[in-house]
Structure formats: structure tokens, C-alpha cells
Amino acid sequence: MTFITGNHDLELRFKEVRGELGRAIVGEQVEGKVFFCPARFYRPMRDVYIEHGNAYDFWNSPMGGLWDEHGQPVELDPKTIMLPVGSHYFQHAAHPISIRYAYFDRFEPSMNTMRQLALLCLLNPEIVIETAKLTMDLFSEPRRALAGLAEGEEQVLTKLFEHTMMDFVAFQQEMAARKGESWDEAGEGKGSEVEANHLMEFAMLPEALNLPLVEAVAAICTPTIYQMGEGVAAGMRGVLNNDPQLRYAIAGHTHMVRIETVGNGAQSYLNTASWTTRLALPAPGEVNAALVEWLRHPDWDRVPLRDVTQLIFAMINSTTDGPSSASLCVWEGGTRGSYSVLA
């Protein structure tokens, strides 16, 4: 059994944590049974590369001190770990949202932060205001949340959304300055097309907020390009392009399954998605007053959204001399079930 480290389990770099986990799994005789990969990536065969994928996500990439620019450990036994900026944001500012509206972490396809804030402006503007205030606590210098709003304008949903987004962009700029040279933008997919998509979203969503409630929710829930998933894909394509010997680059992190060929089909990027519960983003025809009320006050005993959870894993076959072959598979049927090959 081999563990690699991602943004949710950075504690695996602590020797004490590795010891406790190994003993919990196999008892005292851990050696040779459980392996904790010290590098950011794991290469079990010469033509297979595996990593979590968070290195290509601005909010969840490591803050330095764990791995060098080549993904090798700076220290085998670090004494402290600096959490990614996304961890600070979610723990301090967005935690109430993640608890009360847990479906945001489960939507399939995923919903970006801008649309989440727009939806919350409709469902619970008070929590948007509170989140904006808590986000200000994370700035280096004191700053007032929603400072551009005139008195009473927080009740105007388009104004609340626009100024909350401006504060969030300012926060992202400060976090980028803190990251400095430690952040590699190669996987982020930056460029004119990405910026244009952001601007179009920012222009469209206030218009959606002015629609009747059910229509507004339907417009906000329309699937869009999930930029974090594109960033991870770009990063993994870079891994493949930089090493022609590789046939497969495998990652997770995005919670969305992905199969992509690179190099005229000679190489593949596979994403194993997530084993957490996934709920279908409501289609326009599925949005009605009852669903909007559920989104406002989720009742997890009665979930109206379709369960689209899949237990995805990568099956890798290899021989001593020949090339490896890998497939994405899905497990079905519980403990007495079986798997089928997706691709």
C-alpha cells in the first residue's frame, strides 16, 4: 500500500503521523507493507506517473518548504508545514458555507466560486456578507469588507454580488503576492481566453440575479468550464510533454473523471475523480420552487438531486520488459460487486 500526499493530507509528511497510520493498518510490522512516498509524485513504473493534482491549483498548491521545483522532498522529516492559502480561506472564512451548504462540494459537474457566490446571494445574502467580513481578516493590513457599498445597498443582490467578487479578487491578488515565485502558473491555464471567460461570467451573473427566482437559480446552475479542472489537466499535460517515456499521468483532486489523450494518442492523462458523494447539478428543467427551497434549507434525509456517485479507480497492468497499460474502471455492487472498464 502506497500513500501520496495531497492538500487534504499534508500531515502525512510528519513522521509521527506516518507511524500511527501504518500501525493502525498493519500493526507494528510496517516495513515493507506500507510506503509513504516522500516526493510530490509517485512513479511505480518507468512509464507511469501519479500525483494528487493540487500542485496545479492556485488555492491548494503547496506553499513551499515540502518539495522543491522538481517535486522532491526538501526535508524527509519536516517539523512544520505551511498550509495552502485555500485551507486558510476555507477554515476561517468559508467554513459556515461548507457546513450549511455542503452540496457545493458535491455538485457534478463542479460549480465555480463565482457562481456559488451568486447563488448564495439569492439564497442567503447574510452569509455572503459574513463571509466577506471573515475574508478581510486574512489580509495583511486591516480592510473593511464591501467598502464600496452605500448604506442599504447590501440588500441589492447585484450590488452585493459585484462588491463581494471585487473583495474576493483583491484577496486572491494578495494571496498571489504571498506565494511569490513559489507559484508555478504553468498548470493554471492563464491567458486571454481564461480572462475573457471570467469577464463574461462576471457580466452575465448580475443579469441572472435580476430574473425571477426560479429562472435565476436555473441560469446560475448552468454548467460552465471548471477552471481548476482545466488547470490540473494543463499541468498533467505538461508532465507528459516533458517526458516522452511516460505513457500515463494519473491524478485526482478535481473530483471529476477525465480521460484525455496526448501526443497523437501515445500518452494519456487519467483523472480518478472522487469516491465522495456526487450530486448532479440541477438541469434547467429540474429547477422549481421546491428545489430552490431545498437549496436554501438542505434536508439530507430527502435529497431531490440525482446521486451520480461513482467509485472510480485506475487499473494498471505492467510486465518486466513491456509497456504498461492503464484503464479507468468503476466498481459497482458493493462488497460482492465487480468492476467495469470506463476507458
Can you name the condition, by its number, that ASN242 falls short on among (1) surrounded by 17 or more Cβ atoms within 10 Å (Cβ to Cβ); (2) out of contact with any helix residue (DSSP H, G or I) (no Cβ under 7 Å at 6 or more places or on another chain)? (1)
Checking VAL232, VAL217 in turn, the sole residue that is β-branched (Val, Ile, Thr), buried (at least 22 other Cβ atoms within 10 Å of the Cβ) and over 20 Å from GLY53 (Cα atoms) turns out to be VAL217
In contact with an Asp or Glu (Cβ under 9 Å, 6 or more places away or on another chain), within 19 Å of ALA55 (Cα to Cα) and either in contact (Cβ under 8 Å) with a residue 60 or more places away in the chain or not hydrophobic (A, V, I, L, M, F, W, C) (or both): does that describe GLN227? yes
Single condition GLN267 does not satisfy, out of (1) without any contact (Cβ under 8 Å) to a residue 40 or more places away in the chain; (2) crowded, with 21+ Cβ neighbours inside 10 Å; (3) closer than 25 Å to ARG306 by Cα: (3)
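Hey, can you tell me all the residues within the stretch 270-282 that are touching a residue at least 40 places away in the same chain (Cβ under 8 Å) and of a type in the set (Gly, Ala, Ser)?
Residues of the stretch 270-282 that are touching a residue at least 40 places away in the same chain (Cβ under 8 Å), as a first pass: 270-272, 276-282.
Correct list: ALA280 only.
Among the residues of the stretch 321-333, is any hydroxyl-bearing (Ser, Thr, Tyr), loosely packed, with under 11 Cβ neighbours inside 10 Å and farther than 19 Å from LEU120 by Cα? Can you show your working first?
Looking only at the stretch 321-333, we keep the residues that are hydroxyl-bearing (Ser, Thr, Tyr), and these are 324-325, 327.
Remaining after also requiring loosely packed, with under 11 Cβ neighbours inside 10 Å: none.
Taking every residue of the stretch 321-333 in turn, none turns out to be hydroxyl-bearing (Ser, Thr, Tyr), loosely packed, with under 11 Cβ neighbours inside 10 Å and farther than 19 Å from LEU120 by Cα.
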Spot the failing condition for VAL30; the list is (1) in contact with a Lys or Arg (Cβ under 7 Å, 6 or more places away or on another chain); (2) over 30 Å from TYR248 (Cβ atoms), and only one is missed. (2)
Residues being surrounded by fewer than 21 Cβ atoms within 10 Å (Cβ to Cβ) and not hydrophobic (A, V, I, L, M, F, W, C): count how many of those fall in the stretch 248-264. 5
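Throughout, read-outs are computed from the coordinates displayed, never taken from laboratory work. Remember, predicted model here, so these are calculated numbers, not experimental data. No Cβ is skipped: glycine too gets one built from the backbone with ideal geometry, and neighbour counts run over all protein chains shown.
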